[in-house]
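I have placed the structure first, in the form of structure tokens, so that the comments after it can refer back to it.
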Amino acid sequence: MSDLLDPPSIDDLAAALVNRGCDPRALERGRRVASDTGQRLDTVLLQLGLVSERQLAEAAAVVLETVVVGPEHYPAEVPAWAAALTPRFLRDARVVPLDAEPDGTLPIAVADPLDGFAPSAIAIAARGPVVVRVAVPVELEAALARLFPESGDTQSDTDDGPVEEDAERLKDLASEAPVIRMVNQIIARAVEAGASDIHIEPFEDALRVRYRFDGVLQEAENPPSRLAAAIVSRVKIMAKLDIAERRLPQDGRIRLAVRGQDVDFRVSTVASMHGESVVLRVLDRGAVAFDWEKLGLAAPVVQRMSHALSLPNGIVLVTGPTGSGKTTTLYTGLLALNAITRKVITIEDPIEYQLRGINQLQVRPQIGLTFAAQLRAILRQDPDVIMVGEIRDIETAQIAVQAALTGHLVLSTLHTNSAAATITRLRDMGLEDYLITAVLRGVLAQRLVRRLCQACRRPADAAPEIVERFGLGPRGHKITLWHPVGCSACRGTGYRGRQAIAEFLQPDDAVERLIFSRADHGEIERAAVAGGMTTMFRAGIAAALAGTTTIEEVVRSIQADA
């Protein structure tokens, strides 16, 4: 009745992991822990964070000579052939029936490929040939929650009235096992898939969950709308927020061990028309590399930035819109400066990542600890390097300038569209021209663009109109550009990861003369280009020609009217 392959042994799975690049020493460590605790090796490897769920699934698929099921392969509704299978059995076995194949075989997605009992039992119950597909557990659990909702655990399906929203009722709802499991699934899936943000948004007749991948939102499996209040309350309890306060915005933080790795989440809630909207920023230290090369910055930019950071005093600024990677760039520079011989202090709002050996201070405006107040206080702490999360007002700017004039190196950010516009922004804030020229050592303006997936990108000759419009080369010259396709490695988007494109303005004599003459940012930019600066747009074009991104991404990110 079944075409099942024999389930792999744990040794088969371990061998496949090694063949796919897993460190044998990590496996040996896992074996020792498994022997001491009596747990299975694969469970231990996950708990210790030595492998991911996806790595285990891919290794099992190799051993079974089958495929890994993605979210797009799960059916919209329970297949007719699975009518004999009870939801409880499928939940306990962690199995999802998939749509029948044209040849009559009955595929199932399994979270535990070492379990031979469940596939055999399903083959007998369905009276047909069953084939096993391997699932990533967090994705399979989301499909189970959608296909087989556990009715009656929280609020009756027939109850059309609103959920009782007093604090005790919300606390009770948020403490029930199905809600806890669902929130854990939402969070774990985001971390496993590499999302940067989780959006939980209540609407009149739906609760929408979206993940942000590489700067772009994608919809996930949506929980039942009746659980909206319970899910939001569960997140607020985890973040130690006031669940009784549903009108005012709240901010909090969660630290969780997800698949064996400690991950921080920054939580923000705001009241919307149909309930509270929640956003969790995923701060996975293991997924972020504070390394110039991995940021994708061009070598000349890194060289100029490193030179500015090596100076004993002055101000170095990083600019760009929200979400352009400014903090990551500053952290990278700070880690390069971090040494026993230097005292480094940061003032942040909020502290995103904890950096070993660096004193990090949190801004708390509600008790008077603003950027300016904190900056004034830490000057008495004898620092060598100071990072101010953002210069927002003239008071902070003036204290930062004073710190730079008295022998400190100050790093900070501003919200401007270009490096040259930073100078006019400082002038507009009220800084005198002579102070700007005295302390400014460099300005790095950057954007993030999506990287092309190297597994599926395809080359094509650029149209003559594109070559001419963007100045890609001489007229009639053949230019090759790369384009997104989409595959399982990049979730069908054609892009995987992001890189920074930037320009670095290092004030020279010509730029300083223009600052004193109160020239606008256009004149300053032209002088900087004449002095050797490559504009952000041209840096993006260079990345597109190198095949790491696309022209469309560069234009979308910089909003250039070329």
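The values are calculated or read from the model by the stated rules, or taken from the named source; none is laboratory data. It should be emphasised that the depicted structure is a prediction, and the values quoted were computed from it without experimental measurement. Cβ atoms come from the backbone with ideal geometry, glycine included; neighbour counts cover every protein chain shown. Just the protein is used for accessible areas: all its heavy atoms, side chains included, with ligands, DNA and RNA removed. Shrake-Rupley method; radii C 1.70, N 1.55, O 1.52, S 1.80 Å.
Among the residues of the range 501-520, which ones are farther than 20 Å from Leu297 by Cβ and part of a loop (DSSP other than H, G, I, E, B)? Within the range 501-520, Asp508, Ser517, Arg518, Ala519, Asp520 meet the criteria. Screening Arg253, Arg247 for residues that are open to solvent by 20 Å² or more (accessible area, probe 1.4 Å), touching a Pro at 6+ places or on another chain (Cβ under 8 Å), over 22 Å from Leu440 (Cα atoms) and among the basic types (Lys, Arg) leaves exactly one candidate, Arg253. So, Val288, is that one open to solvent by less than 50 Å² (accessible area, probe 1.4 Å), over 13 Å from Val388 (Cβ atoms) and modelled with pLDDT under 90 or not? Taking the combined requirement at face value, the residue satisfies it.
Yes/no matrix, rows are residues, columns are (1) of a type in the set (A, V, I, L, M, F, W, C); (2) assigned to a helix (DSSP H, G or I); (3) open to solvent by 70 Å² or more (accessible area, probe 1.4 Å); (4) modelled with pLDDT of 85 or more:
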| position | (1), (2), (3), (4) |
| --- | --- |
| Glu28 | no, yes, yes, yes |
| Asp36 | no, yes, yes, no |
| Thr43 | no, yes, no, no |
| Leu46 | yes, yes, no, no |
| Gly49 | no, no, no, no |
| Ala61 | yes, yes, no, yes |
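Here Arg259 fulfils each of the conditions (1) closer than 30 Å to Ala76 by Cα; (2) modelled with pLDDT of 90 or more; (3) basic (Lys, Arg) apart from (2).
If you go through the range 436-446 one residue at a time, do you hit one that is of a type in the set (D, E, K, R) and under 21 Å from Gln499 (Cβ atoms)? No, the range 436-446 contains no residue that is of a type in the set (D, E, K, R) and under 21 Å from Gln499 (Cβ atoms). Restricting attention to the range 219-244, the residues that are part of a loop (DSSP other than H, G, I, E, B) and either touching a Cys at 6+ places or on another chain (Cβ under 8 Å) or open to solvent by less than 40 Å² (accessible area, probe 1.4 Å) (or both) add up to 6. For the range 177-218, taking the residues that are in contact with a His (Cβ under 6 Å, 6 or more places away or on another chain) and part of a strand (DSSP E or B), the one that is surrounded by the most Cβ atoms within 10 Å (Cβ to Cβ) is identified as Pro202. Remark: pairs (first residue in the range 182-204, of a type in the set (Gly, Ala, Ser); second residue part of a helix (DSSP H, G or I) and crowded, with 20+ Cβ neighbours inside 10 Å; Cβ separation under 6 Å; 6+ apart in sequence or on different chains) = Ala188/Val138. Cβ separations smaller than 9 Å between residues 6+ apart or across chains give the following pairs from the range 85-110 residues that are free of Cβ contacts under 8 Å to residues at least 60 places away in the same chain and under 18 Å from Arg181 (Cβ atoms) to residues that are among the β-branched types (Val, Ile, Thr) and assigned to a helix (DSSP H, G or I): Phe89/Ile122; Leu90/Ile122; Ala93/Ile122; Val95/Ile122. Taken as a whole, the structure leaves Leu405 outside the set of residues that are surrounded by 21 or more Cβ atoms within 10 Å (Cβ to Cβ), aliphatic (A, V, I, L, M) and farther than 30 Å from Lys294 by Cβ. Pairs meeting the criteria (first residue in the range 517-530 and in contact (Cβ under 8 Å) with a residue 12 or more places away in the chain and closer than 16 Å to Arg427 by Cα, second residue small (Gly, Ala, Ser) and surrounded by 12 or more Cβ atoms within 10 Å (Cβ to Cβ), beta carbons under 8 Å, at least 6 apart or on different chains) are His521/Ser418; His521/Ala420; His521/Ala421; Gly522/Ala420; Ile524/Ala420; Glu525/Ser418; Glu525/Ala419; Glu525/Ala420. Here Lys478 meets the list (1) open to solvent by 30 Å² or more (accessible area, probe 1.4 Å); (2) not in a loop (DSSP other than H, G, I, E, B) almost entirely, failing just condition (2).
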